[in-house]
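Colleague: Starting off with a structure, shown below.
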Amino acid sequence: MTKKHLVFIVNPKSGVDRVKAIKNAIDTVLDHEQYTHEIVNSEYAKHGIELAKQAAENGAYAVVAVGGDGSVNDIANGLNGTTTALAIIPKGSGNGTARTLGIPLEIKEALKVINKGNTINMDIAFANDRLFISNAGVAFDALIAKKFAKSVRRGMAMYSWLVTKYMWLYNERNFEMLIDGKPHKERAFIACVCNMQQFGYNFKIAPTADWTDGLLDVVIIRRFPKIMGGALVLRAMTGTILKSRYVTFMRAKEVTMSNPQLKLMQTDGDAHECESTIHFRLKAAAQKVIVP
């Protein structure tokens with residue numbers, strides 16, 4: 001039997017001890033009867049895209065993103081248009097994509113998922129020409145993504161502190177939208193287009209999203225009394241946010257959002273500058289991914 005080749009792409013900035021733990025787990029848990037493997041380190045921002053593309057060109061069966069949602073996004077970018085599968089060992093902060101797909105957060109358990117080799121064909125999405133797997137947003141979540149990226153500290157506590165601080169300072173924005181060609185207007189605190197369910201940390205912004213249904217979930221949190229912020233967070237954590245009176249929910253194949261002052265958006269938790277009009281579209285069943 002010909003063995004399948006895996007390429008593990010690791011961010012060495014995650015620390016020497018963590019890299020050692022990952023190598024050790026691969027040596028002891030990975031099914032070496034089924035797979036050959038190599039480990040490569042990403043050395044600078046977006047290097048993972050190039051490494052994944054190269055791995056696919058060299059015939060890798062799967063590329064394993066060892067990292068958070070940003071790392072997974074990079075690998076998916078590199079694999080776009082190829083037949084190489086995506087696999088994930090979640091080592092980020094929020095790990096929204098892995099949590100949504102049901103991939104265990106513990107290294108050895110995630111490797112056991114790879115050993116089983118169960119795959120699905122997952123939808124991927126685009127904000128203009130920028131690929132995303134989980135979600136993209138143009139309002140409050142984009143601001144938090146930017147602040148979180150600049151933060152020295154990581155983790156749920158830091159994320160919660162930023163949300164609490166900036167929630168009181170953030171002003172909602174008016175958006176002109178086209179939802180599958182139909183005009184729609186919203187004054188939004190959060191305007192998020194989702195392929196998957198959560199931002200990370202089990203904060204489910206789109207709890208009914210299905211990454212294999214060929215549709216985008218559009219979730220708008222409208223202006224709400226800021227004192228109700230905690231209640232909305234609780235709804236998100238319990239998967240009931242769509243039941244809130246402050247939430248508008250739609251499904252579509254194509255979405256356009258416009259605001260003349262729009263300058264910042266996030267894709268899979270990565271904040272970046274953007275145009276004043278964003279067109280969101282879906283590419284159905286475009287990426288093979290190894291899941292439980």
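Colleague: Pick from the stretch 109-120 the residues that are among the hydrophobic types (A, V, I, L, M, F, W, C) and touching a residue at least 60 places away in the same chain (Cβ under 8 Å): which of them is surrounded by the fewest Cβ atoms within 10 Å (Cβ to Cβ)?
Modeller: ILE120
Colleague: Same structure, new question: Can you tell me which residue is modelled with the lowest pLDDT among those in the stretch 10-29 that are buried (at least 17 other Cβ atoms within 10 Å of the Cβ) and assigned to a helix (DSSP H, G or I)?
Modeller: SER14
Colleague: ILE190: touching a Lys or Arg at 6+ places or on another chain (Cβ under 7 Å), among the β-branched types (Val, Ile, Thr), surrounded by 14 or more Cβ atoms within 10 Å (Cβ to Cβ) and part of a strand (DSSP E or B), yes or no?
Modeller: No, not satisfied.
Colleague: Just give me the residues in the stretch 232-241 being surrounded by 13 or more Cβ atoms within 10 Å (Cβ to Cβ) and within 23 Å of TYR166 (Cβ to Cβ), in sequence order.
Modeller: Scanning the stretch 232-241 gives LEU232, VAL233, ARG235, ALA236, MET237, ILE241.
Colleague: Here is a follow-up. Mind listing whichever residues of the stretch 194-219 are acidic (Asp, Glu) and in contact (Cβ under 8 Å) with a residue 40 or more places away in the chain?
Modeller: The answer is ASP213, and nothing else.
Colleague: Take the conditions over 19 Å from the mean Cα position of the chain (by Cα), touching a residue at least 12 places away in the same chain (Cβ under 8 Å), closer than 19 Å to ILE190 by Cβ and crowded, with 16+ Cβ neighbours inside 10 Å and apply them to MET250. Does it pass?
Modeller: It is true that MET250 is over 19 Å from the mean Cα position of the chain (by Cα), touching a residue at least 12 places away in the same chain (Cβ under 8 Å), closer than 19 Å to ILE190 by Cβ and crowded, with 16+ Cβ neighbours inside 10 Å.
Colleague: State whether the residues of the stretch 113-125 include one that is out of contact with any Pro (no Cβ under 7 Å at 6 or more places or on another chain), hydroxyl-bearing (Ser, Thr, Tyr) and at pLDDT below 95.
Modeller: The answer is no; no qualifying residue exists.
Colleague: Tell me which helices (runs of 4 or more DSSP H) are completely within the stretch 54-171 and hold 2 or more residues being of a type in the set (D, E, K, R), or say none if there are none.
Modeller: Passing ranges, in order: 69-79, 107-116, 140-150.
Colleague: From the list GLU38, GLU106, GLU50, which residue is surrounded by fewer than 19 Cβ atoms within 10 Å (Cβ to Cβ) and either closer than 30 Å to ALA127 by Cβ or assigned by TED's automatic domain parsing to the domain that holds ASP268 (or both)?
Modeller: Just one listed residue meets the conditions, GLU50.
The values are calculated or read from the model by the stated rules, or taken from the named source; none is laboratory data. It should be emphasised that the depicted structure is a prediction, and the values quoted were computed from it without experimental measurement. Please note: Cβ atoms are built from the backbone with ideal geometry, for glycine as well, and neighbour counts cover all protein chains shown.
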